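This report refers to the structure that appears directly beneath it.
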Amino acid sequence: MIEENKNKKKFALWIYPETRKLITDWYKRDNCQSQSEFIEKAIKFYCGYISAEEGVRFLPAAITTAMTGMVDSLENRMARLIFKLAVEMSMMMNILASTAEVDENTLHRLRGKCVADVKRSIGSVTFEDVAKFQKGE
């Protein structure tokens, strides 16, 4: 610690009273031995924050291009899978609608119940749960 103090330099620091109060209120909470130590840690932290921000802006173009390609590929795959799922659901709904006699009021109530079920289960409604409901269990 004594060796470290030999290299330190003293200089005037002009700060607002509110900032000074922050230092006096917080330096002990951060386990600093002095207000100078707190200020020095704060400056190093802020410099690291700025340099990390700059690093993100200057990622090599190859990495950015590769990441964009991967995301685009995943997006296209998910869009194709969702389209296929929508086609299958449409087929199933058409087959059921051709055989089931459900009035409009029941259909409206069922839609509300299904929306609530999906929201509550975060999208993981199981066939078993639906079957139990339909059987009155």
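The values are calculated or read from the model by the stated rules, or taken from the named source; none is laboratory data. Remember, predicted model here, so these are calculated numbers, not experimental data. Cβ: placed from backbone, ideal geometry, glycine included. Neighbour counts: every protein chain shown. Surface areas here come from the heavy atoms of the whole protein model, side chains and all, with no ligands, DNA or RNA. Shrake-Rupley method; radii C 1.70, N 1.55, O 1.52, S 1.80 Å.
Applying a threshold of 7 Å to beta carbon distances and a minimum spacing of six or more residues, or different chains, the list of pairs starting in the range 11-31 at a residue that is of a type in the set (A, V, I, L, M) and ending at one that is surrounded by 10 or more Cβ atoms within 10 Å (Cβ to Cβ) reads ILE23/GLN35; ILE23/PHE38; ILE23/ILE39.
Determine which member of the set GLU137, GLU101 is exposed (fewer than 10 other Cβ atoms within 10 Å of the Cβ), touching a helix residue (DSSP H, G or I) at 6+ places or on another chain (Cβ under 9 Å) and either at negative phi or in a helix (DSSP H, G or I) (or both). Steps first, please.
Numbers: GLU101 fails: touching a helix residue (DSSP H, G or I) at 6+ places or on another chain (Cβ under 9 Å).
After applying the criteria, what remains is GLU137.
For the range 104-134: of the residues being part of a helix (DSSP H, G or I) and of a type in the set (Val, Ile, Thr), which is nearest to the chain's Cα centre (by Cα)? Here the residue is VAL118. Scanning the range 25-42 for residues that are in a helix (DSSP H, G or I) and either open to solvent by 60 Å² or more (accessible area, probe 1.4 Å) or touching a strand residue (DSSP E or B) at 6+ places or on another chain (Cβ under 7 Å) (or both) yields ASP25, TRP26, SER36, GLU40, LYS41.
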